[in-house]
Each structure stands twice: as C-alpha cells, then as structure tokens.
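A short worksheet on the structure shown next.
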Amino acid sequence: MSVAIPCIGFDCPSFLAKPSGVVTSSGNFEKIADQIAEMWSSQSITFGGPLGETLMSLYIVYKECSKADWDGYGATAITADAYEEAIKIIKLLPSSIRMPEIVAEPSGEIGLEWRRGRGQIFVMSVSGRHQINYAGLFSGNTIHGSEYFGETIPSRIIEHLRRLDS
C-alpha cells in the first residue's frame, strides 16, 4: 500500500501551472500569471523577502485598480504598461535602497513611496510612458520634477532616495 503525500507550497509541480478552462479575450491573465510564476520561481527573489513582498503588493494594487472608477470617484484605471514599468523600476533599485510602499493614484499612475519620519518623504509615479514624475520633502525643503526612464533609473532619482537614508 502506498500513501499519497500531498504536495504543499512552491515545490509542488502544479503550483505554477495555469488554471485550465480559463478564457480571456486579451490574454492578459496568462501574461500576468507568467510574470508571477517567473517571480516566484526566480532564484533572485526570496518569497516573503522585501523584493518579493513589494512585487506582490504591486500586483495586488494593479489587480484592484485596473478598472476605471476603482475608487468610486472617477479614478483612471492603472494600465498594464504602468504595472510593467513599476516592476522594472523596483527590480532596478540598488540593494542599498529599501523597498517602497506601493500606492495607486487616481490619475492611473502607480506611485512608489518612501517615508522616513516626519518631514522626510519621496514619491515617484509611473504611467508606462517612460517618464518618472517625482516629488520629495526633506526637512522642509521640497523638490519635484520629471525624468526620462529607459533602461536605468536616473541618477538624480537615486540621489534623492539616498537622501532619505543619510
């Protein structure tokens, strides 16, 4: 007699399998499911670690806010382009920079927010159009601007993020 041992957790071969019978008109479900499977199976991400938790938070915000009027006050839907751009930025953050809080913005942008005590905040927003809008408050001094986002995070933004930890 053999005893079947249930497969539990991420080591289960079927854990990352796509559900059968799911039909989508645009294929977005499969694309998102593939991204999540890639993140969870990647050796560079420890599930439950800061990067994994931030990416999961981003996914949840995206899912909850990807329809128009998600806030009941006419908010614009967050697009897949904004979601993908936010993933790219989060993965490019230097390891010396702590992970941000994820916020949905009524304009349809995804906000990445860092706070350190009173009077220390930096927020950047992405919409999927290769532009980062940012604003910061550093002990009464304010900064704001926009930077082009291509393959790397602009050095000016990294400098502002490092100000929070200095």
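Among 127-137, 152-162, how do they line up from the highest to the lowest mean number of other beta-carbon atoms within 10 Å?
Details: 127-137: 17.0, 152-162: 15.2.
The peptides rank, most packed first, as 127-137, 152-162.
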| message | Give the residue list of trypsin sites (Lys or Arg not before Pro) in the stretch 61-92 that are DSSP loop and have at most 16 other beta-carbon atoms within 10 angstrom. | response | LYS67
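Quick note: the coordinates plus some simple rules give every number you see, no bench work behind them. Given the structure is predicted, the values throughout are model-derived calculations rather than measurements. Positions of Cβ are generated from backbone atoms using ideal geometry, with glycine treated the same way; all protein chains shown enter the neighbour counts.
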